[in-house]
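Notes follow the structure.
Every number in this text was worked out from the coordinates using simple rules, so none of it is lab data. All values reported here derive from a predicted model rather than from experimental measurement. Please note: Cβ atoms are built from the backbone with ideal geometry, for glycine as well, and neighbour counts cover all protein chains shown.
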Amino acid sequence: MPVTEHEAKLLMALKERAELPMSKIRDAAGIGSPGTVQLAVSRLVAMGLLEERFESGFPRRHTVKLTRFGLKAAEHLQQIEEQLAMAEKLAKPT
């Protein structure tokens, strides 16, 4: 299943940090609405790329982190972004 742009942003944001509270993900990934964040997290969890951790006694407080497969996916996304940036740079007339 391919990832959406928001899901890719979320993976990249989590690659830079070990774990993030759900309340901080929106800003870290640059995703607009809380509903979009929750949908992206749910899909990535279902794909096995993210893991959610719920705080005992506070079910609304939880964090997400990359699984080892999520880390590999984020690393691949970073490589693709770097290759696209290089291609764009080379395509510009001098």
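Placing unit charges on C-beta atoms (Lys and Arg positive, Asp and Glu negative, everything else neutral), compute the dipole magnitude of segment 5-91 about its Cα centre in debye, rounded to 20.
Working: 13 positive and 12 negative charges, 60 e Å.
For this selection, approximately 280 debye.
Based solely on its DSSP helices, what 222 nm [θ] is calculated for the chain when runs of n ≥ 4 H residues each add -39,500 (n - 2.57) and the sum is averaged over all residues, nearest 500 deg cm²/dmol?
Working: 4 runs with 56 residues, N = 94.
The helix-only estimate for the chain comes to -19000 deg cm²/dmol at 222 nm.
So what is the relative contact order of segment 5-91, in percent, for Cα pairs below 8 Å that sit 6 or more residues apart?
Working: 95 pairs, mean separation 28.3, N = 87.
Relative contact order for segment 5-91 comes out at 33 percent.
If amide hydrogens are placed 1.01 Å from N in the peptide plane, which non-local residues have theirs closer than 5 Å to the one on Thr67?
Leu50, Glu51
Would you calculate the separation in nanometres between label points at Arg17 and Ser56, each defined as 7 Å from the Cα along the Cα-to-beta-carbon direction?
2.4
What is the log10 of I(q)/I(0) for the chain, computed with the Debye formula using one identical point scatterer on each Cα and no solvent, at q = 0.10 Å⁻¹?
Listed by q, the Debye log ratios stand at -0.29.
Add +1 for every Lys or Arg and -1 for every Asp or Glu among the other residues with Cβ under 14 Å from the Cβ of Met1, and state the total.
Values: positive: Arg43; negative: Glu7.
Cβ neighbours under 14 Å give a net charge of 0.
Taking the chain as a Gaussian network, Cα atoms linked when under 10 Å apart, which of Glu51, Glu19, Glu81 shows the biggest mean-square fluctuation?
Largest GNM mean-square fluctuation: Glu81.
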